[in-house]
Amino acid sequence: MSVRPGRLSVVGTGIRLAGQLTVETRHLVRHADRVFAVMADPFSLDVLRELNPEVVSLQVHYARGRSRDESYRRMVTAILEPVRAGAQVCAAFYGHPGVFVWPAHEAVRQARSEGFEATMYPGISAEDCLVADLGIDPGVSGLQTYEAADFLVHPRRFDPRTPLVLWQLAVLGDRSRSTFRTDPTWVRALADLLAESYSDAHAVIVYEAAVGPFDATRIDRVPLNRLHELDLTQASTLYVPPIGAPEPDPARLRRLGLDPTGLAEASFQKYRRRG
């Protein structure tokens, strides 16, 4: 199928916009006929408008009483209209455009299904910032990530000896998908579920990446049984540290012709070094 004239580029602007815009993203924003953006603050829009004055905020599609699903559908419609008219369009979302950004994925999907060229480009996500700010190395310890409500209502097989990240605490209990208000009952239920594998006193972290140049990174440590006492925002992410290092399976090691004792000690030293 031949590609139609319009083109869509979906980009991520990073969390700290001014310092995390990639060279590639700057180029795509600067040379687009139209730019649509969902940013965390007005300052971020101003930064994009320095690159291209044709920036339109998609925040207008959020409205009191309107579900997020309907807001997202309106965003997709707005993005694709000029693409269908033959324009070079750039849709910019803060963070990574493929992480918890349904409109970005749907716009790319619809554009491609209609014969237009559509590409998603990566950006620095909140997870990238979390890894740096908390000093986590997924290559050493592994990393488990889930959306918080999904983790709570669906049975998940997770390993408490591997770091766990739970996203979007702010919408726990928001069944209408029309508010960003946390239901404390759901927060307590999540803490109770985690306490089954950790303990009530297990210290967890509510994390928020710094967005503006003068913002501070939020790293609030609290025991699970007090998690519901903290104020949670749209940027709040829960980090659950592991309860200890995993232990090698002796039967697997023997099947591989390895010494279980030596491997266990090497594994312990590796995890001890991670701090």
MRE, 222 nm, helices only [DSSP H, n ≥ 4, -39500 (n - 2.57), over the chain, to nearest 500]: -10500 deg cm²/dmol
Using the Karplus curve 6.51 cos²θ - 1.76 cosθ + 1.60 with θ = phi - 60°, work out ³J(HN,Hα) for each residue of segment 35-42 in order, rounded to whole Hz, and write x for Gly and Pro. 10, 10, 9, 10, 10, 7, 7, x
Peptides 195-202, 129-136, 92-99: what's the order by average Cβ count within 10 Å, highest mean first? 92-99, 129-136, 195-202
How much of the DSSP beta bridge set in segment 127-240 is antiparallel, as a percent to the nearest 5? 75
Given all pairs of different Cα atoms, what value in angstroms does the Kirkwood hydrodynamic radius of segment 41-148 take? 16.0
If amide H atoms are modeled at 1.01 Å from N in the peptide plane, then the residues at a separation of 5 or more from Val56, or on another chain, having amide H under 5 Å from its own are Val35, Phe36, Ala37
With the dipole of the chain defined by +1 on each Lys or Arg Cβ and -1 on each Asp or Glu Cβ, the option from Tyr239, Leu143, His154 whose Cα lies farthest towards the positive pole is His154
Let me check the size of segment 127-240 from its C-alpha atoms; what are the radius of gyration and Dmax in Å? 13.7, 40
The chain - charge dipole about Cα centre, Lys and Arg +1 at Cβ, Asp and Glu -1, debye rounded to 20: 500
Evaluate the Kirkwood expression for the hydrodynamic radius of segment 100-154, namely the inverse of the mean inverse distance over all pairs of different C-alpha atoms, and round to one decimal in Å. 14.2
Can you run phi through the Karplus equation (6.51, -1.76, 1.60; θ = phi - 60°) for segment 161-168 and list ³J(HN,Hα) in whole Hz, with x for Gly and Pro? 8, 10, x, 10, 10, 10, 9, 6
Model label zone, Gln234; criterion: amide N under 19 Å from point 7 Å along Cα-to-beta-carbon; scope segment 143-161: 147-149
How big is the Cα convex hull of the chain in projection, averaged over all directions, in nm²? 18.2
What is the spin-label model distance, in nm, from Asp41 to Ala189 if the labels are put 7 Å beyond Cα along the C-beta direction? 3.4
With +1 on the Cβ of every Lys and Arg and -1 on the Cβ of every Asp and Glu, and nothing else charged, how large is the dipole of segment 103-219 about its Cα centre, in debye rounded to the nearest 20? 280
Long-range amide H partners of Thr145 with built H, under 5 Å: Val165
Hey, any idea what Rg/Rh is for segment 78-126, computing Rh the Kirkwood way over Cα pairs? 0.97
Report, by chain and number, residues whose modeled amide H sits under 5 Å from the one on Ile124, excluding near sequence neighbours (fewer than 5 apart, same chain). Gly14, Ile15
Normalised by the residues of the chain, what does the relative contact order come to in percent, with Cα pairs under 8 Å and at least six apart? 19
Between Ala63 and His31, what length in nm is gained on full extension when 0.36 nm per residue of separation is reduced by their alpha carbon distance? 8.5 nm
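Read the figures in this text as sums done on the coordinates, not as results from a lab. Because the structure is a prediction, the values reported are computed rather than measured. Every residue, glycine as well, gets a Cβ built from its backbone with ideal geometry; the counts of neighbours run over all protein chains shown.
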